[in-house]
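The structure appears below as structure tokens.
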Amino acid sequence: MIEEPRRHRVEFASGTAASVAKRRSFRDLERNDIEPDLPDWPSRPAFRVRGFFGRLGQYALTVVIRLLLLPLYIIADALGSPVSPEKRGKLEERENEIDDFPVMWAGEGQTARTLPWQLDPSRRSWRTVTEFEVAEPDGLVRIWSFEDTVQGSRHLSWGGGGKVPGSEALLWTLPRSEIVGAEIKRFSLDESDFRVSFRDGSWVRLTSSPDGAQRMVALLGQGMPESDPAPALP
């Protein structure tokens, strides 16, 4: 039993394979691009899977970053606070994790299309935070946003971390009964991605902290009717 609403920071997931790293797509049931059809969403360049040279560049970037961070790992270990690089689990769905990276899978009029664009980190201010809330008393799930006081830039931040007064806004609500399942996606950094499936067959792939993802899956998996399983996934 959930005694009070619980919130966790979430956003649309981003690819981790070189072909789709830091990218995401939005698809209908025939895998067509639906971004232009999502009402009031800020436009972005069309999704593309990286070719050979693009993937090669991603591999090179990963190697350089790990070499630069190696001294930090050594120092942290020497100080008694071991830090290990983020690890990615086993590939589960090549068609959705390497050949493409849909974070929204929905036919026309289906639930997943109603999620707010603010969940997309490439469309919002880097100071905007989105949180997913599961509330037991009224049987609703909600998505909130607020502006963070954090200082710095999208790539490097320091200080702050509070909530700008008056910036909180309710973006989305849905009856808890419309969610039929949630699962961790192993092919993500430290298993921080999770998929939420809706009763009409649509789904979204979100990401949080590893702990937040585990908690959200546990919360969204509570109270599901055994006689009403989640629809089969593509």
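FYI, it's all coordinate maths here, none of it is from the lab. Remember, predicted model here, so these are calculated numbers, not experimental data. Cβ atoms come from the backbone with ideal geometry, glycine included; neighbour counts cover every protein chain shown.
The table that follows gives values for the structure above.
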{"item": "S157 versus R88: modelled label distance in nm, points set 7 Å from Cα along the beta carbon direction", "result": "2.4"}
{"item": "Protection proxy ranking, peptides 87-98, 39-50, 125-136, average beta carbon neighbours within 10 Å, highest first", "result": "125-136, 87-98, 39-50"}
{"item": "Lysines with Cα under 27 Å of K87, excluding same-chain neighbours fewer than 8 positions away", "result": "K22, K185"}
{"item": "Net length gained if the chain between K22 and A218 were fully extended (0.36 nm per residue, minus Cα distance)", "result": "67.9 nm"}
{"item": "Pairwise label distance in nanometres, E95 with D33, each label 7 Å out on the Cα-Cβ vector", "result": "2.0"}
{"item": "Distant-in-sequence amide H partners of E191 (H built 1.01 Å from N, under 5 Å)", "result": "G89"}
{"item": "Cα centroid separation - the stretch 33-51 against the stretch 164-188, whole Å", "result": "21"}
{"item": "Residue exposure sequence - L38, L119, L170 - by fewest surrounding Cβ within 10 Å", "result": "L170, L38, L119"}
{"item": "Residues A46 and S177, FRET efficiency given R0 of 45 Å [Cβ-Cβ distance, rounded to 0.05]", "result": "0.80"}
